[in-house]
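Q: Right, I'll just put the structure down here and ask away after.
The values are calculated or read from the model by the stated rules, or taken from the named source; none is laboratory data. All values derive from a computational prediction rather than experimental measurement. When we count neighbours, we look across all protein chains shown, and the Cβ atoms used for this are built from the backbone with ideal geometry, even at glycine. The area values use the complete protein model at the heavy-atom level, side chains included, leaving out ligands, DNA and RNA. Shrake-Rupley method; radii C 1.70, N 1.55, O 1.52, S 1.80 Å.
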Amino acid sequence: MVEEELRVTSRLGLHARAAANLVRVATQFQSNVTLERPDGSVKADAKSILSILMLAAGRGTHLRVVANGVDELDALNAVVDLFGREFDEIEVTDEEQARRLHQEHRFKGLGVSPGVVLGRVVRLQDGTRNVYRARLEESDIDREQKRFRAALRQSRRQLESIKERAERELGRGHAHIFDAHLLFLQDNKLTREVEDYIDRERANAEWAAKVVGDRLLSIYTEFNDEYFRERGSDIEDVVQRLLANLSGEDRAYPSFFEDSVIVSPDLLPSTIAELDLGHVRAIATDAGGWTSHMSIIARALGLTAVVGLRDFYHRTRTGDHIIVDARVGAVILHPAEETISAYNFGSDTGATLTEENLTDAGPLLSKDGVSIVLRANIELPFEFEAVKRYGASGVGLFRSEFLLSRPGLMLSEEEQYEAYRSLAVAAGDEGAVVRLFDVGGELDRESTERPERNPALGLRAIRFDLRHKEVMRTQVRAILRAAASGNLRLVIPMVVDVNDVKLAKSVIAEEQRQLAAANIEFSPVRVGAMIEVPAAVLTAEKIVAEVDFVELGTNDLVQYTLAVDRGNDAVAYWFRTLHPAVLYGIQRSLNAAREAGIQAIVCGEMASTPAYSVLLVGLGAVDLSMAPASIPRVRSTLSRIDVKQAREVAATCLECATAMEVEEIVRTEFEKRWPGVFHPKALPAKATEE
Ligand code: PEP
Ligand code: MG
């Protein structure tokens, strides 16, 4: 055994980052290394970050370092050196720290819903959850501990990727904080205590993590040291992450400013739907992509949104000033006065600059006289009013699953009937297409043993519906009954071939028989299929023979054709709507529908983008459905282009080998053929290297 007494000389003492460095050094040796107060009152394991932090060793504290084992001398020397180097910390003065904290900072993301907003940050994490206590059977303890370990692994993976990016973009100094988070996760004190608690108290993992986390947190908050108290938020972050990964409870909302900008790691669509829209001006999230449902809802609500900002959330504090500029897909934290004036927000600090004025409806004809129909995609009942306001020809897609605001919460037939009836009324003569629930395992969380390994390829959409016949039958009955009071159609999501169509149609036919037998008022509906996976594209000729119409879901078609998860910002570079393979799929499906003499509605987000809508028309589409707020912009664009020329451009694009080639053609040809119609920002940006 060897030992040495040392003094902590670094300005901030042995705080989280310094402790993390100490753990890193101590764990390189086999020997046990401990730190003790010289009077022996507190002792810490130098390989445990929590244990070290509990020493609360501020600047000037004397500590005895004891090493014991085969390489004890080397271990002691390494620790002594580290003390001498003041734990390898980069010293930053208070002034510098304050300056950095309030310095203007620009972060790049993806603008998914238009507008430019100046407001104040309200942080919202899917973390402040209601944690419940469950009493376990003896036989469940092992499973519960495994569940906890799985959440640990998942949290670790998430933190590792955050850290990697912080290292890449901000340098080692800033990435250290995530080292500390990772070490908390690996620390025996946390993990063993939670597992012991599960065992001893027969408690569920959420409860155990919360109790142990709160206990550690209270140690921090008792410290008579501002810095240590603040570091408690690191533990809180980690515990919240663990809880988020363990469960999907809903959470309490913070109070909003009148100019709130929600900043969050991620937002569930149902969360956005529940926000106080009188106050929320914009959304900025770490995760997400153009077609994640969160973005779709933001567009539908007319809420400015920038997503895919990676680890932006961690840089913000509630109350910080922020500009969200969706035109260039960026946010500016702590904007300087000059920046704000350059934006010219005027005296109203919450001003939103909208790019379009609304125009009235009327038949839409392209410049060369081709008639094109624009419909609305709707998610929530309060959007019904937007159908008229934006001059949509009815509802091309009602994403009915948004009626189910919480996992496990199913609506009764009566509740659904009421919703579909008001939809039919709002849609008017043009009618509405109700999609059968497009949900996955998350709706069935109660009875699902484990989350699916690959939800996008799992029991989703029509597969889920066919497996949960009661859910499907209830919905079909509600649609058939509501169809008696208006023009409703029904569409089957994510079919892979004609077999899915036949199975769904037989359920519909059976429900019609039952309603007729029971003398309940209903109306038969036309049935369509969504073409959104490559298998359906490649067998489209067979599918169109079985249905009354088809809808092309371009969001999923891109996802499945290119094998890119539509909600994963790490692969956003590969989510290329204009990939020739996608264009080919669209053309093939449209041709199949035309030859069979049935209608084809293109209803993914592609239709909402003016430049893309021109290509769709060039590929043969004459019926587009989009976020209502996008209708005026698409309408004005399509009325100024010639379909004949759009066809020529589309034909050239189909010859391309890559998305970049198509994007280049769109950039150059559109400006050449229709000068001034497209703002340069409305055309695909030049691709940057991955
Ligand atoms: C699509 O996939 O393009 C579509 C319209 O449906 P959703 O975005 O709801 O999957
Ligand atoms: Mg889809």
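Q: Among all the lysines, which ones have a C-alpha under 25 Å from LYS146's C-alpha, if same-chain residues fewer than 8 places away are not counted?
A: Result set, ordered by chain and number: LYS47, LYS189, LYS210.
Q: I've got another one for you. Using a cut-off of 13 Å between beta-carbons, work out the net charge of the residues near GLN30 (Lys and Arg +1, Asp and Glu -1, GLN30 not included).
A: Net charge in that neighbourhood comes out at -2.
Q: Mind ranking 57-66, 105-114 by how tightly packed they are, going by the mean number of other C-beta atoms within 10 angstrom, highest first?
A: For the peptides 57-66, 105-114, the packing ranking is 105-114, 57-66.
Q: Return the lysines within reach of LYS505: Cα separation strictly under 22 angstrom, same-chain partners fewer than 8 residues apart disregarded; answer none if there are no such residues.
A: By straight Cα distance, LYS505 reaches LYS469, LYS542.
Q: Right, another one. Need one word for the range 29-83: rounded, prolate or oblate. Basis is the Cα gyration tensor (sqrt eigenvalues a ≥ b ≥ c); a/c below 1.5 gives rounded, then a/b vs b/c decides.
A: prolate
Q: Here is a further query. Which shape class applies to the range 12-51: rounded if a/c is under 1.5, otherwise prolate when a/b exceeds b/c and oblate if not, where a ≥ b ≥ c are the square roots of the Cα gyration tensor eigenvalues?
A: oblate
Q: Given H placed on each backbone N at 1.01 Å, which residues far from SER113 in sequence or on other chains put an amide H within less than 5 Å of it?
A: It is ALA305, by chain and number.
Q: Quick one: length gained pulling ILE141 to ARG202 fully straight, 0.36 nm per residue minus the C-alpha distance?
A: Residue separation times 0.36 nm, minus the Cα-Cα distance, leaves 21.3 nm.
Q: Could you give me the ³J(HN,Hα) list for the range 5-15, computed from phi with Karplus coefficients 6.51, -1.76, 1.60 and θ = phi - 60°, whole Hz, x at Gly and Pro?
A: Here the 3J(HN,Hα) series is 9, 10, 10, 7, 10, 5, 4, 8, x, 8, 8 Hz.
Q: If we sort 364-371, 74-81 on the protection proxy, mean other Cβ atoms within 10 Å, highest first, what's the order?
A: 74-81, 364-371
Q: Taking amide hydrogens as modeled 1.01 Å from N in the peptide plane, which residues meet the under 5 Å criterion relative to GLY288, leaving out close sequence neighbours?
A: GLY308, ASP569
Q: Per residue, how many Å² of accessible area does the range 499-638 show with a 1.4 Å probe?
A: Heavy-atom accessible area per residue stands at 34 Å².
Q: Moving on. How far is it, in nm, from the label point at GLU541 to the one at GLN514 when both lie 7 Å from their Cα along the line to the Cβ?
A: Output for this residue pair reads 3.8 nm.
Q: Work out Dmax and Rg for the range 550-611 from the C-alpha atoms and quote the Rg first, both in angstrom.
A: When restricted to Cα atoms, the range 550-611 yields Rg and Dmax of 12.3, 41 Å.
Q: Apply the Karplus parameterisation 6.51 cos²θ - 1.76 cosθ + 1.60, with θ equal to phi minus 60°, to every residue of the range 316-333 and state each ³J(HN,Hα) to the nearest whole Hz, in sequence, with x for glycine and proline.
A: Coupling constants for the range 316-333: 10, 10, 4, x, 4, 7, 8, 10, 10, 10, 6, 5, 10, x, 9, 10, 10, 8 Hz.
Q: Okay, moving on. Could the peptides 397-403, 259-265 be put in order, highest first, of the mean number of other beta-carbon atoms found within 10 Å of their residues?
A: The densest-packed peptide leads the list: 259-265, 397-403.
Q: For the range 532-690, what does the alpha-carbon gyration tensor say about shape, rounded, prolate or oblate, given a ≥ b ≥ c as the root eigenvalues, a/c under 1.5 as rounded, and a/b over b/c as prolate?
A: Judged from the Cα gyration tensor, the range 532-690 comes out oblate (a/c at least 1.5, b/c at or above a/b).
Q: Moving on. Once you list every other residue whose beta carbon is under 15 Å from the beta carbon of VAL617, what net charge do they have if Lys and Arg are +1 and Asp and Glu are -1?
A: +4
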